[in-house]
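A short write-up of the structure that comes next.
Derivation of every value follows stated rules applied to the coordinates shown; laboratory data play no part. Please read these numbers as outputs of a predicted model, since none were measured by experiment. No Cβ is skipped: glycine too gets one built from the backbone with ideal geometry, and neighbour counts run over all protein chains shown.
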Amino acid sequence: MILAWLIIIPLAGGLAAWLFEKKNALFVRWTALGSLLLDSLLLAFGWIQPAFFTGPVNDPWMIELNVPWIPQLGINIHLAMDGLSLVLVALTLFLGIISVICSWREIHDRIGAFHLNLLWTLAGILGIFIALDLFLFYFFWELMLVPMYFLINIWGHENRMYASLKFFIFTQAGGLFMLVSILALYFINGKATGIYTFDYSLLLEVDMGPKTAFFVMSGFFLAFAVKLPAIPFHPWLPDAHTEAPTAGSVILAGLLLKTGAYGLIRFVLPIFPDAVAMIAYPAMILGVIGIIYGAILALGQKDLKRLIAYTSVSHMGFVLIGIFANNSTALSGAVMQMIAHGISTGALFVIVGLIQERIHTRSIDRMGGFWSPAPRLSTVGILFALASLGLPGFGNFVAEFMVLVGTFRVSSVITVLAASGLVLAVVYSLWIVQRVFHGEPIEPLSLTDLSAREIGMMSAMAAAILWLGLYPLPVLTIVEPVIDSIQQYSVL
Amino acid sequence: MTKTDIILLLPLMIVGGTSVVIMLILAFFRNHALTAGLAIMGFALAAASIPMIAPLSPRNVTTLIVIDPYALFYMGLIFISGMAVAALSFPYLEMHEEHREEYYLLILVATLGAAVLVASTHFVSFFLGIEMLSVSLYALASYIRHSDKCIEAGVKYLILAAVSSAFILFGMALIYAEIGSMDFARIAARISATGVHGLTLFAGLGMIIVGMGFKLAVVPFHLWTPDVYEGAPAPVSAFIATISKGAVFALLLRYFSKLNIHAQPRIIVMITIIAIASMFVGNLLALLQTNVKRILAYSSISHLGYLLITLIASGPTAVTAATFYITAYMITMLGAFGVVSILSRPERDADQIEDYQGLAYQRPWLAGIFTVMLFSLAGIPLTAGFIGKFYVVAAGVNSGLIALIIILVINSIIGLFYYLRIIIALYSAPREAEAIRVGKTISGHAVLAGLLIVLIWFGVYPGPLIAVIQKTIQSIL
């Protein structure tokens with residue numbers, strides 16, 4: 001039941017925040033924060049349960065919940081958590097808490113509805129990471145879209161209508177193709193075995209001809225590639241990230257993109273091993289193009305937020321390469337990259353939010369010399385810029401290094417090209433540092449430095465990214481069995 | 001006619017009886033609230049009688065009507081929708097200075113026609129049902145007599161519905177000439193056995209499909225739809241979009257499941273073309289509209305296109321999918337038109353997108369409901385529309401209609417544009433000087449609340465409804 005509560009608590013918290021909107025703004029914020037903290041406690045509680053460590057050897061799942069939902073169609077509420085889900089759920093709750101805190105001062109307009117949407121998006125994302133019934137997975141996949149759409153549409157910046165529409169239609173289109181594929185899988189399995197089910201563990205064993213497998217796989221791939229985003233399915237990303245409120249950008253970059261990568265690892269790799277082997281090279285080439293294209297476009301941006309959005313495209317290219325290199329080193333690296341990118345890019349978006357709160361613009365041309373008026377803000381800014389360029393000591397370095405090592409075993413050319421992205425990352429990261437934090441102030445400005453709340457939030461993120469960089473072993477250990485079990489299906 | 005037969009006809013007799021009672025009362029004195037209350041009560045009683053007589057079904061009552069679980073399910077749906085339309089009409093008519101009471105009489109008779117339609121087994125009851133439905137709707141569509149648009153809508157509907165009735169009649173005559181029977185079961189058996197041979201039979205079937213195409217407003221028989229939906233009073237548009245279409249489709253479904261459709265390539269081609277055209281034309285033309293009622297009209301055209309896929313798919317999954325889809329569609333359309341009707345003013349209906357600008361700030365409850373209804377039309381989770389669309393896609397994939405399903409997916413994406421356009425208007429900054437909005441009505445809000453609850457209930461926990469549908473469709477397979 002812990003897993004169900006994990007989703008119910010944010011849903012209920014969101015409703016409570018919405019209902020008490022009129023009473024007290026502080027109450028709303030604390031309700032939202034409280035429900036996420038409660039969720040984290042619950043996760044910690046589940047984590048330390050003895051069954052977590054000693055659980056049956058054959059059962060890969062740490063905790064599981066399986067109750068019928070629509071029995072006529074073989075749909076169950078099947079939630080389960082393994083190491084991969086666990087780290088992603090932890091990431092979701094961590095960034096969820098950050099996004100509530102970073103909206104503390106930014107959002108004043110209809111805060112009840114805002115937190116409702118925020119928490120419901122998080123609930124949808126949590127659901128995606130622990131759903132093991134493909135219908136349920138699709139349900140959560142669609143569910144997180146609508147509140148995210150409203151977050152951008154109502155609380156976003158100038159061009160929010162266009163951005164939110166684009167976001168919704170891109171992701172919904174991908175999702176619908178995935179639905180067709182899920183149903184194809186369902187009927188292929190049903191006709192072969194007589195058991196009509198959406199259950200993940202049963203669908204893992206489906207036998208298909210190579211051609212069918214390829215078409216069914218492409219529906220999944222399309223949905224996940226839009227989310228990831230892989231070139232050429234990325235056009236929604238810069239707009240959505242730029243126009244969303246800070247909390248929205250944090251969730252988009254930190255979590256929503258990860259659902260695409262998660263889907264590739266959890267569903268595409270084990271269910272369609274042959275088709276994956278077939279498209280591995282094209283997919284990795286898309287990843288390389290993404291790395292270089294994102295980095296080059298980031299260099300050309302005048303809007304700081306848009307710049308960071310393009311670096312996301314670049315960083316997620318590594319995830320795509322790591323997944324399709326499809327060996328345990330590369331996959332571990334991809335998972336690390338998901339987490340490290342979630343935290344570092346999330347932090348960068350928070351920093352842009354902090355800057356925008358203070359000087360009311362995101363234009364790099366109007367920034368500069370922040371170091372002297374706001375040394376603390378600048379310190380964290382530089383810290384995360386360095387993390388983003390992959391400096392050793394930060395989680396991103398570990399992740400990108402592992403991806404490159406793993407990929408080298410598959411293709412040296414792709415490794416070399418992907419590594420060139422690291423050089424470009426150095427250029428745009430140091431460019432941010434130079435233009436924003438160093439140099440002479442463009443115009444005289446009174447920049448208030450970070451408050452205690454902001455320092456607390458930023459240091460938590462800094463601690464997390466440093467921990468991942470200096471001692472990544474716990475994360476790698478917990479993910480390892482999952483990656484091994486997925487590797488069993490691989491044909492490479 | 002035995003006693004059992006009479007008991008089985010109870011729902012029809014209650015609705016018919018209510019209209020007679022209202023007519024008699026109107027002869028003596030007029031009271032709007034009393035009449036509306038009586039009509040609503042009549043619908044409620046008729047709906048309540050259905051579970052009571054269900055154990056006696058299935059049974060043929062005369063050669064014209066069959067009361068089986070399938071018919072009873074649709075009757076229940078139709079009566080409850082009729083009740084919702086009546087309750088939504090009350091506040092709407094309160095604003096207008098007309099003779100309000102006869103309206104309910106017409107609603108009752110039209111609903112009775114729809115109920116006869118879903119239970120008919122014979123050309124005679126089929127035609128009787130369709131005429132009761134249409135003739136009442138001519139009058140209802142032009143009920144607000146001082147409005148030119150309304151009169152125009154009524155006349156348009158009159159001419160086109162009459163033409164389509166003529167088509168159906170001629171088709172019936174041709175089929176009768178060829179087969180020598182007006183009983184559906186026999187006709188279906190004959191067609192299944194020997195196929196559609198000979199010009200007469202083919203022409204007859206074609207004409208009936210054309211006639212029903214008019215009633216369902218599928219392309220290319222859809223031209224009247226946007227104009228009539230736009231001009232007719234909002235609750236009447238709701239009636240045409242839900243009850244009228246639902247009943248005709250239920251009849252179609254009943255007899256298509258008896259025909260061995262896969263042996264009839266010509267009919268499959270015909271329906272495939274109609275389905276594809278309806279999806280594309282409905283969705284693409286909806287993109288160009290600025291009038292909410294017209295958007296809903298085009299949206300309903302495209303929804304019927306989706307539904308036609310289930311006719312081609314055929315089989316138990318497809319029939320279940322179609323029935324679930326119709327249920328979800330009726331709830332959603334009633335809700336959407338309900339919001340339009342509650343926001344309407346005496347001068348004109350709230351049909352421009354600008355009327356909805358900033359509604360979320362002024363009337364969050366109505367804006368919320370409208371949002372949920374639009375999401376249901378678009379097939380987003382937590383709503384019954386999602387499960388319905390999921391089921392239709394499942395039925396299509398099951399029958400291997402991948403191309404049609406891909407077209408459905410593409411159309412769903414196009415559909416998002418115009419649903420989101422309304423939603424964007426709801427949540428953008430309100431216009432000045434438009435703060436006064438009418439629409440404080442208990443009955444209207446109660447209906448909307450009920451529809452919302454049902455919509456989300458079926459969207460989150462559809463198991464029980466699916467179980468009921470699966471049981472009822474046994475009787476027609």
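The length gained on full extension between A:K191 and A:T212, counted as 0.36 nm times the residue separation minus their Cα-Cα distance, comes to 6.1 nm. Toward the positive end of the charge dipole of the stretch A:272-492, with +1 on the Cβ of Lys and Arg and -1 on the Cβ of Asp and Glu, the farthest Cα among A:F370, A:L331, A:V416 is that of A:F370. Taking label positions 7 Å along the Cα-Cβ direction at both A:R453 and B:Q362, the computed distance is 3.4 nm, reported to one decimal. Across the stretch A:315-392, Cα pairs under 8 Å and at least six residues apart give a relative contact order of 26 percent.
The charge dipole of chain B, taken about the Cα centre with unit charges on the Cβ atoms of Lys, Arg (+1) and Asp, Glu (-1), comes to about 800 debye, rounded to the nearest 20. Net charge dipole, the stretch B:1-103: roughly 340 debye, given to the nearest 20, about the Cα centre with Cβ charges of +1 for Lys and Arg and -1 for Asp and Glu.
Residues of chain B were split at every exposed loop site, defined as trypsin sites (Lys or Arg not before Pro) in a DSSP loop with at most 13 other C-beta atoms within 10 angstrom, and the longest piece left, sites excluded, is B:146-347. R0 = 51 Å: FRET efficiency of B:M95 with A:I442, Cβ-based, nearest 0.05? Efficiency computed from Cβ-Cβ geometry: 0.25. Compare the Cα positions of A:Y293, B:A193, B:F170 along the charge dipole of the protein assembly as shown (+1 at Cβ of Lys, Arg; -1 at Cβ of Asp, Glu; about the Cα centre) and return the one farthest towards the positive end. The residue sitting most towards the positive pole is B:F170.
Measuring between their Cα centroids, the stretch B:438-475 and the stretch B:38-91 lie 16 Å from each other. Considering every Cα-Cα pair within the stretch A:272-492, what fraction, in whole percent, is farther apart than 21 Å? Value for the stretch A:272-492: 55 percent of Cα pairs lie more than 21 Å apart.
Going from the residue with the fewest nearby Cβ atoms within 10 Å to the one with the most, A:R358, A:R29 rank A:R358, A:R29. Within the same chain, lysines fewer than 8 places from B:K293 are excluded, and of the rest, those with a Cα less than 20 Å from its Cα are B:K149, B:K156, B:K215, B:K245. Compute the separation of the alpha-carbon centres of the stretch A:459-485 and the stretch A:293-341 and state it in Å as a whole number. Centre-to-centre distance over Cα atoms comes out at 18 Å. Label separation (A:D274 vs A:W467): 4.5 nm, computed from points 7 Å beyond Cα along the C-beta direction. Extension gain for the segment A:V423 to A:R366, taken as residue separation times 0.36 nm less the Cα-Cα distance, is 17.9 nm to one decimal. Once backbone amide H atoms are built at 1.01 Å from N, A:I77 has A:V67, A:W69 as its partners under 5 Å, excluding neighbours fewer than 5 places away on the same chain.
Restricting the GluC sites (Glu not before Pro) of the stretch A:140-223 to loop positions (DSSP other than H, G, I, E, B) with no more than 15 neighbouring Cβ atoms within 10 Å leaves A:E158, A:E205. Residue separation of A:L19 and A:N66 scaled by 0.36 nm, minus their Cα-Cα distance, works out to 13.8 nm of gained length. Can you classify the protein assembly as shown as rounded, prolate or oblate using the Cα gyration tensor, where a ≥ b ≥ c are the square roots of its eigenvalues, rounded means a/c under 1.5, and otherwise it's prolate if a/b beats b/c and oblate if not? Because a/c hits 1.5 or more and a/b exceeds b/c, the protein assembly as shown counts as prolate. A cut-off of 5 Å between modelled amide H atoms, ignoring neighbours fewer than 5 places along the same chain, links B:I380 with B:F386. Remark: the stretch A:284-301, residue by residue, has Karplus-estimated 3J(HN,Hα) of 5, 5, 4, x, 5, 4, x, 4, 6, 4, x, 5, 5, 5, 4, 4, x, 7 Hz, where x stands for each Gly or Pro and the curve is 6.51 cos²θ - 1.76 cosθ + 1.60 at θ = phi - 60°.
Per-residue Karplus couplings for the stretch B:192-202, computed as 6.51 cos²θ - 1.76 cosθ + 1.60 with θ equal to phi - 60°, are listed in order as 4, 6, 10, x, 8, 10, x, 5, 4, 5, 4 Hz, Gly and Pro entered as x. Taking amide H atoms as placed 1.01 Å from N in the peptide plane, the amide H of B:R59 lies under 5 Å from those of B:I67, B:D68, each 5 or more residues away in sequence or on another chain.
Run through the stretch A:242-314 and list the trypsin sites (Lys or Arg not before Pro) located in a DSSP loop whose Cβ has at most 12 other Cβ atoms within 10 Å. Passing sites in the stretch A:242-314 are A:K302. The distance between label points at B:I7 and B:R431 comes to 5.9 nm (points 7 Å beyond Cα on the Cα→Cβ vector).
Calculated FRET efficiency, B:A177 to A:Y162, Cβ-Cβ distance, R0 = 60 Å: about 0.50 to the nearest 0.05.
Other protein chain C-beta atoms within 10 Å of residue C-beta, averaged over A:144-157: 2.
Computed from the Cβ-Cβ distance with R0 of 30 Å, the FRET efficiency linking A:A460 to A:L42 stands at 0.95. Find, to one decimal place in angstroms, the Kirkwood hydrodynamic radius of chain A, where the mean of 1/r is taken over every pair of different Cα atoms and then inverted. Every distinct Cα pair counted, the radius reaches 22.5 Å.
For the protein assembly as shown, a simple Cβ point-charge model (Lys and Arg +1, Asp and Glu -1, everything else neutral) yields a dipole of about 620 debye relative to the Cα centre.
Of the residues A:W431, B:T63, A:S103, the one whose Cα sits farthest towards the positive end of the charge dipole of the protein assembly as shown is B:T63 (charges of +1 on Lys and Arg Cβ, -1 on Asp and Glu Cβ, taken about the Cα centre). Rounded to the nearest Hz, the phi-derived 3J(HN,Hα) couplings of the stretch A:409-423 under the Karplus curve 6.51 cos²θ - 1.76 cosθ + 1.60 (θ = phi - 60°) are 5, 9, 8, 6, 4, 5, 4, 5, 5, 5, 5, 4, x, 5, 5, where x marks glycine and proline. For chain A, relative contact order (Cα pairs under 8 Å, six or more residues apart, normalised by length) works out to 14 percent. Rg/Rh, computed from the Cα trace of chain B with Rh as the Kirkwood radius, has the value 0.95.
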